Amino acid sequence: MSTTGLPFDDFRALVEAMPGPDMEAVAAVKKREAELTKPQGSLGRLEEIVEWLAAWQGNPKPRVTRPLVAVFAGNHGVAKRGVSAFPIEVTEQMVSNFAAGGAAINQLCIANDLGLKVFELALEVPTGDICVEDAFEEADCAATMAFGMEALSGGSDLVCLGEMGIGNTTVAAAIFYALFGGTAEQWVGPGTGVKGEALALKVKAVEDAVARCGGPQSMEPFEVLRRLGGREIAAMTGLILAARMQHVPVLIDGFVTTSAAAVLYQMDKTALDHCMFAHASAEPSHRKAIEAMNGNPLLDLGMRLGEGTGAAVAAGIVKAAAQTHSGMATFEMAGVKNAAGD
């Protein structure tokens, strides 16, 4: 097992150099929050969201004017083992549907005025069948992470992660199992709706894949990504890291996007401080993964589609929080007496 190759060393150096939050911006938000025409704390988590935006945008009056949903699509060799209710061809067909504006994520982006970019990652060449071989060589995995980093270009001030890939809940479950331990059954869920024999095949695939790599909690996180991950997951890992370096807050969508985040969390427990878990997916072990990373999902709507849909819904709330804070009048501006009678 290689853990010292030059490609990953570059990313390890970035993890070690991650910037922290802008606490001066947070202090300015708290000061203004206390002066707004409302009882203190009356907007609940909306107030927390504004502080989070300020900390990671470095802006004492944070705004969301260029939000982006970035959807990464990849195919997986393990899909041929019957672990999904849909054939691998559906990945490409859904990418075409995104381009035509016919998917759920298109409608949510319209509803919340979000930009959308879809990145197709060599769909004609699935990653290796992780039950019998590694998903990537190190250089290929690092190059895919770098691609994800480059996807952030364009000046976005909030990024929502999304993905599409038949078989990728199997891959995500293997990543969680390898990173956090437990049993394969604890991490495997129905994904696209598999049950019975197909679900048993999915559990076995995850067990075999992680056993091939030495068992759970036996690998350094980037090696977990290389040996078990998919192209869309590697790209999302790179984007999360790039967003941290560029002071851009991130909304993490569901089960698969959370597996990309988990790789960085296991590198550094502060690596996701600029991220917020948008929702708790209906995929049974998604909440287990969020709890393993001390997260607090913003929403719980029973969603399990992927595509960045949960993050897109949450983005509307984040935009509302920012607008409320920046647009409200203070007691002084409105000529309203505050609780102290000033």
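Would you point out which residue out of Ala111, Ala103 is open to solvent by 50 Å² or more (accessible area, probe 1.4 Å), among the small types (Gly, Ala, Ser) and in contact (Cβ under 8 Å) with a residue 40 or more places away in the chain? Steps first, answer last, please.
Numbers: Ala103 fails: open to solvent by 50 Å² or more (accessible area, probe 1.4 Å).
Within the list Ala111, Ala103, the selection yields Ala111.
Thr37 is checked against (1) surrounded by 18 or more Cβ atoms within 10 Å (Cβ to Cβ); (2) out of contact with any Leu (no Cβ under 6 Å at 6 or more places or on another chain); (3) β-branched (Val, Ile, Thr) and fails just one. What number does that condition carry?
Of everything listed in (1) surrounded by 18 or more Cβ atoms within 10 Å (Cβ to Cβ); (2) out of contact with any Leu (no Cβ under 6 Å at 6 or more places or on another chain); (3) β-branched (Val, Ile, Thr), Thr37 misses just condition (1).
Report yes if Met94 is closer than 30 Å to Leu228 by Cβ and not small (Gly, Ala, Ser), otherwise no.
Values: closer than 30 Å to Leu228 by Cβ: yes; not small (Gly, Ala, Ser): yes.
In short, yes.
Give all pairs with beta carbons closer than 6 Å in which a residue from region 30-58 that is touching a residue at least 40 places away in the same chain (Cβ under 8 Å) meets a residue that is part of a loop (DSSP other than H, G, I, E, B) and open to solvent by less than 40 Å² (accessible area, probe 1.4 Å); count only pairs at least 6 apart in sequence or on separate chains.
Thr37/Ala329; Leu53/Pro62; Leu53/Pro249; Trp56/Pro249; Trp56/His274
Considering (1) exposed (fewer than 14 other Cβ atoms within 10 Å of the Cβ); (2) under 30 Å from Lys204 (Cβ atoms); (3) among the small types (Gly, Ala, Ser), say which one Ala17 fails and leave the rest.
(2)
Confirm whether Leu264 is under 30 Å from Leu199 (Cβ atoms) and open to solvent by 10 Å² or more (accessible area, probe 1.4 Å). Before the answer, list the steps.
On the way: under 30 Å from Leu199 (Cβ atoms): yes; open to solvent by 10 Å² or more (accessible area, probe 1.4 Å): no.
Criteria not met by Leu264.
Residue pairs, Cβ under 7 Å, 6 or more apart or interchain, first in region 212-224 and at positive phi, second surrounded by 14 or more Cβ atoms within 10 Å (Cβ to Cβ). List them.
Final answer for the pair search is Gln217/Gly181.
Of the conditions (1) outside any helix (DSSP H, G or I); (2) out of contact with any Lys or Arg (no Cβ under 6 Å at 6 or more places or on another chain); (3) over 30 Å from Val26 (Cβ atoms), Val78 satisfies every one except a single condition; which number is it?
In the conditions (1) outside any helix (DSSP H, G or I); (2) out of contact with any Lys or Arg (no Cβ under 6 Å at 6 or more places or on another chain); (3) over 30 Å from Val26 (Cβ atoms), Val78 misses (1) alone.
Determine whether Ala85 is of a type in the set (Gly, Ala, Ser), in a helix (DSSP H, G or I) and open to solvent by 20 Å² or more (accessible area, probe 1.4 Å). Break it down into steps so the answer makes sense when it comes.
Numbers: of a type in the set (Gly, Ala, Ser): yes; in a helix (DSSP H, G or I): no; open to solvent by 20 Å² or more (accessible area, probe 1.4 Å): yes.
No.
Against the definition (open to solvent by 20 Å² or more (accessible area, probe 1.4 Å) and of a type outside the set (Ser, Thr, Tyr)), how does Ala146 come out, yes or no?
Values: open to solvent by 20 Å² or more (accessible area, probe 1.4 Å): yes; of a type outside the set (Ser, Thr, Tyr): yes.
Criteria met by Ala146.
Which members of region 149-173 meet the condition of being part of a strand (DSSP E or B) and open to solvent by 10 Å² or more (accessible area, probe 1.4 Å)?
Just the residues of region 149-173 that are part of a strand (DSSP E or B), to begin with: 158-164.
Result: Glu163, Met164.
With respect to Val26, is the statement that it is within 18 Å of the chain's Cα centre (by Cα) and in a helix (DSSP H, G or I) true?
Against the criterion (within 18 Å of the chain's Cα centre (by Cα) and in a helix (DSSP H, G or I)), Val26 does not qualify.
Of all the residues that make up region 194-221, how many are open to solvent by less than 40 Å² (accessible area, probe 1.4 Å) and within 18 Å of His76 (Cα to Cα)?
So the count comes out to 9.
Checking the structure you have, find out if any residue of region 143-162 is modelled with pLDDT of 95 or more and farther than 24 Å from Ala311 by Cβ.
The answer is yes, given that some residue of region 143-162 is modelled with pLDDT of 95 or more and farther than 24 Å from Ala311 by Cβ.
Being on the phi < 0 side of the Ramachandran plot and in contact with a His (Cβ under 9 Å, 6 or more places away or on another chain) is true for just one of Thr144, Thr170. Which residue is that? Reasoning before the result, please.
Values: Thr144 fails: in contact with a His (Cβ under 9 Å, 6 or more places away or on another chain).
After applying the criteria, what remains is Thr170.
The rows are residues; the columns are (1) open to solvent by 50 Å² or more (accessible area, probe 1.4 Å); (2) in a helix (DSSP H, G or I).
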position: Lys30; (1), (2): yes, yes
position: Glu48; (1), (2): yes, yes
position: Pro60; (1), (2): yes, no
position: Val69; (1), (2): no, no
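For region 283-342, enumerate the residues that are among the acidic types (Asp, Glu), part of a loop (DSSP other than H, G, I, E, B) and open to solvent by 70 Å² or more (accessible area, probe 1.4 Å).
Within region 283-342, the subset among the acidic types (Asp, Glu) is 283, 291, 300, 307, 332, 342.
Narrowing further to those that are part of a loop (DSSP other than H, G, I, E, B): 283, 300, 307, 342.
Passing the criteria: Asp300, Asp342.
The values are calculated or read from the model by the stated rules, or taken from the named source; none is laboratory data. Note that the coordinates shown come from a computational prediction; the quantities given were computed from them, not determined experimentally. Virtual Cβ from ideal backbone geometry, glycine too; neighbours counted across all protein chains shown. Ligands, DNA and RNA are stripped out before the accessible areas are found, and what is left, the full protein with its side chains, is counted by its heavy atoms. Shrake-Rupley method; radii C 1.70, N 1.55, O 1.52, S 1.80 Å.
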